[in-house]
Amino acid sequence: MTDPGSNATSNPAETTRTLMVERVFPHPPEKLWRALTESPLLAQWMMNNDFEPTVGQRFRFQTEPKPNWNGVVDCEVLVVEPMQRLSYSWGVGGNESGLQWVVLWTLTPAEGGTHLRMEQSGFTPDQKAAYQGANYGWQKFFGNLERVIGEVE
């Protein structure tokens, strides 16, 4: 029996998880911003894409298909604050799949460079495998980003 004083409906914000990856890069925010927003650079460290940093712009990340995944991530740009914040939706399997999240990048000046934080939010309790896969993928992407950013002029 539920407590009559309690709210019987759960709040989705309380039941979702956020994956966060943070790193300080020994580079100015301008270099990181370019790597996050220029399609050819983004393709070098993450996935092929047709990204444009314009709020409302729909775009797609594409990689080699894997078992149970066609390699496509459908996205829409939500926030563009140059050198500070970038956010986009991140969905796989179409709207009916329920596999829809939000990615938020935050750049903050730090001693000797730029602190970069990536948050992927909206993982529901039944999405443990997706959370673990995302964690693995973002660690790999950050390693690639480190390599690519060192080559940016």
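Taken over the stretch 17-37, the residue count meeting the criterion of being open to solvent by less than 70 Å² (accessible area, probe 1.4 Å) and either more than 17 Å from ILE149 (Cβ to Cβ) or under 16 Å from the mean Cα position of the chain (by Cα) (or both) is 9.
If you go through the stretch 94-112 and keep only what is of a type in the set (D, E, K, R) and at pLDDT 90 or above, you end up with just GLU111. Scanning the stretch 38-89 for residues that are in contact (Cβ under 8 Å) with a residue 60 or more places away in the chain, open to solvent by 10 Å² or more (accessible area, probe 1.4 Å) and under 23 Å from SER121 (Cβ atoms) yields one hit, MET46. Identify, please: which residue in the stretch 108-153 is over 13 Å from ARG17 (Cβ atoms), among the hydrophobic types (A, V, I, L, M, F, W, C) and under 16 Å from the mean Cα position of the chain (by Cα) and is, among those, most open to solvent (accessible area, probe 1.4 Å)? Per the stated criteria, the residue is PHE141.
The values are calculated or read from the model by the stated rules, or taken from the named source; none is laboratory data. If you're wondering where the values come from, they're calculated on a predicted model, not measured in any experiment. Don't worry about glycine lacking a Cβ; one is built from the backbone with ideal geometry, like all the others, and counts go over all protein chains shown. Only protein heavy atoms, including side chains, enter the accessible area calculation; ligands, DNA and RNA are left aside. Shrake-Rupley method; radii C 1.70, N 1.55, O 1.52, S 1.80 Å.
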